[in-house]
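One structure is given below, encoded as C-alpha cells.
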Amino acid sequence: MKNWKYPFLLLAGIGVSYLGNWIYLIAINLSILDLTGSAAAVAGLYVIRPIAILITNTWAGSVIDRVNKRKLMIGVDVVRGLLVFLIPFIGSLWVIYFLLLLINIAGAFFGPSSSVYITKLIPASDRKRFNSLMSMTSSGAFLLGPAIAGVLIMLVGTELCIFINSATFLVCAFFIYLLPDVDEVVKEKRERVTWSMLVGDWRIVKRFAQGATYFMVVYLLFQGAMLTGFALDSQEVTFIKQHLLLTDQDYGLIVSLTGLGALAGAAVAAMVANRVPLRVYIGGGMLFTSVGYLLFYASFSFWTATLAFVFLGFFMAFANAGYATFFQQCVPVEIMGRFGSLAEMLQAIVQIVLTLILGVAADWFTIQTACMVFSFAGVVLAMVLFITVLLPSKQIHFNEGKLEA
C-alpha cells in the first residue's frame, strides 16, 4: 500500500484503546476488591461480557450491516468513554455491574464493525500485514498496560486509571473521526429491527455457511483449537502456583515474557507478510500455538513453562493475523457484521462450556492430566487444520485478493 496514512490512524486509535483497556482491567479488579472484599465479586466481572454477548449478538449484526460503520464505531467509543467515566463515582456494586453490562453491550458492536471497516479500507493484498500490525499493537498494549497501571495505582490509586481508560475511548473515537467513510450511501430512513428481519438475516447467514463449505471447515477447526486454548488459559494460574509451586512474582514474569514473545511474533509476521503464504500463517501458526499449550502443561519448572509460553505467544500472532485475513477474504462484506456477531455469540457459549468441563476435570483428576488431555485435543484439531489448509486443490481460497467464498 503506497499510502498508509489511514491504516496507521486506525492502528493508532485502536492501539490507544487497547492500552486503556489493560490499564482499566487491572484497576477495576482492584476497585471491586476494595469495595467488596469479595473474590466472588471480582469473578463476577468475567461473567458480564459473555452475558452482554448473549443479549446483543443475535441482533447486533443486523444493525451493523445496515448503518454507517465509521459513525457507529465513533458512537460506540463515545458511549463507552462516558460510561467508564461514571464508574469511580458509583458506590454500589450492582450499579457498577449494570454500567459494565452497558459498556460491554456497546462494545459488542465495535468488533464486528471494525472488521467490516478494515475489509473496506485496506486493499486485499495489504490485509495480512495490517492484521499483523494490529496484533503487534495488541501485544504492545498487553505489555505496557499492566506496567503503567501498576505504577499509577501505586502513586495515585485506581480512579485515575479508570479515567484514563475513559479518555482512551474518546481518543480512539477522534482518530476514527479522521478516517474516511468507506460505506456506500446508507438509506436516510433506517429499517426498524423486527423479528422477521432477524429471522431473514439468520437465514442469509445460514445460506452463506451452507454454500461456503471449505471456509466453514477451516473456520470450525481454527475456532475449535483456539477455544480449547482459551479454556486452558483459565487454569494457567492454578497450574503455575499449585503444580509448579511458583510465586505470584514468577507468574507476573511469565506473563510479561509471553507478551514479549507475542510482540516479537507480530513484528516478524508483519515483516514477512509478503513472503510467507497465508495458509502457513493460519495452519502453521495455530499448530505451533497448540503445541505451545501442550509444552506448557508438560513443563516442570519456571524456565520450561516460560519458554513454552513465549513459543506459544510468538506463533499465536501468526495464527491471529492469518485467520483475520482469511475471514476478511472469504466472508462477503455485506453480511460480515451479521456473521461475525452470530459467530462471536456461539464462540462465547462454547468457551463457557469448555471452561466448565476443564474445571470439573481438573477437580476429578490432576490439573496436569486434565490440561494435557485438552492440550492434546487442541494439537489434533490444529494438525487437521494444517493438513486442510495445505491441500493443493484449495490454494485458490488463500490467494491474497478478494475472493468468493
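Relative contact order for the range 202-400: what is it in percent, counting Cα pairs under 8 Å that are at least 6 residues apart?
It rounds to 37 percent for the range 202-400.
Going by a ≥ b ≥ c, the root eigenvalues of the Cα gyration tensor, does the range 1-155 fall in the rounded group (a/c under 1.5), the prolate group (a/b larger than b/c) or the oblate group?
It comes out oblate by the Cα gyration axes.
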Quiz item: How many nm separate the modelled label positions at Leu178 and Trp94, each set 7 Å beyond the Cα in the direction of the Cβ?
Solution: 4.4 nm
Self-check item: Residue-wise HN-Hα coupling along the range 164-174, computed from phi with Karplus coefficients 6.51, -1.76, 1.60 (Hz; x: Gly, Pro)
Solution: 4, 4, 4, 5, 5, 4, 5, 5, 4, 4, 5
Quiz item: Taking a ≥ b ≥ c as the square roots of the eigenvalues of the Cα gyration tensor of the chain, is the shape rounded (a/c under 1.5), prolate (a/b larger than b/c) or oblate?
Solution: rounded
Exercise. Could you check the simple spin-label distance between Gln395 and Leu198, using points 7 Å along Cα→Cβ, in nm with one decimal?
Key: 4.6 nm
Quiz prompt | Viscosity 1.567 mPa s, 4 °C: Kirkwood-radius Stokes-Einstein D of the range 103-237 over Cα pairs, µm²/s | solution = 67 µm²/s
Quiz item: Looking at this model, which pairs from Lys120/Lys206; Lys128/Lys394; Lys71/Lys206; Lys69/Lys128 are more than 26 angstrom apart at the alpha-carbon?
Solution: Lys71/Lys206
Practice problem: Report the normalised scattering of the range 297-392 as log10 I(q)/I(0) at q = 0.14, 0.15, 0.16 Å⁻¹, calculated by the Debye formula with identical scatterers on the alpha carbons. | Solution: -0.78, -0.88, -0.98
Exercise. With an 8 Å cut-off on Cα pairs and a minimum separation of 6 or more residues, tell me the relative contact order of the chain in percent.
Key: 26 percent
Quiz prompt | Cβ-based charge dipole, the chain, positive-most Cα from Phe175, Pro332, Ala225 | solution = Pro332
Exercise. Starting with the fewest neighbours, write out Met372, Met154, Met286 ranked by other beta-carbon atoms found within 10 Å of each beta-carbon.
Key: Met154, Met372, Met286
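Within 10 Å of each residue's Cβ, count the other Cβ atoms and sort Asp65, Asp363, Asp181, Asp77 from fewest upward.
So the ranking, lowest neighbour count to highest, is Asp363, Asp181, Asp65, Asp77.
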Exercise. Sort the following peptides by mean Cβ neighbour count (other Cβ atoms within 10 Å, averaged over residues), highest first: 129-142, 251-264, 194-207.
Key: 129-142, 251-264, 194-207
Exercise. Please report Thr168, Thr238 as a ranked list, fewest other C-beta atoms within 10 angstrom at the top and most at the bottom.
Key: Thr238, Thr168
Quiz prompt | Over the range 1-178, relative contact order from alpha-carbon pairs under 8 Å, at least 6 apart, % | solution = 50 percent
Quiz item: Cβ under 15 Å from Val205's Cβ, Val205 left aside: what net charge do those residues give with Lys, Arg +1 and Asp, Glu -1?
Solution: +1
Quiz item: For the chain, what does -39500 (n - 2.57) per DSSP helix run (n ≥ 4), summed and divided by total residues, give at 222 nm, in deg cm²/dmol to the nearest 500?
Solution: -27000 deg cm²/dmol
Quiz item: Could you give the distance between the Cα centres of the range 1-79 and the range 334-405, to the whole Å?
Solution: 23 Å
Quiz item: To the nearest 20 debye, what charge dipole does the range 1-178 have about its Cα centre, counting +1 at the Cβ of each Lys and Arg and -1 at the Cβ of each Asp and Glu?
Solution: 840 debye
Practice problem: State, to one decimal in nm, how far the label point of Trp303 lies from the label point of Leu33, with both points 7 Å from Cα in the Cβ direction. | Solution: 3.1 nm
Quiz item: Once phi is turned into θ = phi - 60°, what whole-Hz ³J(HN,Hα) does the Karplus curve with 6.51, -1.76 and 1.60 give for every residue of the range 56-72, x standing for Gly and Pro?
Solution: 9, 6, 6, 10, 4, x, 5, 6, 4, 6, 10, 10, 6, 5, 4, 5, 5
Self-check item: Distant-in-sequence amide H partners of Val182 (H built 1.01 Å from N, under 5 Å)
Solution: Arg70
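Read the figures in this text as sums done on the coordinates, not as results from a lab. These numbers come from a predicted model, not from an experiment. FYI the Cβ positions are ideal-geometry reconstructions off the backbone, even for glycines, and counts take in every protein chain you see.
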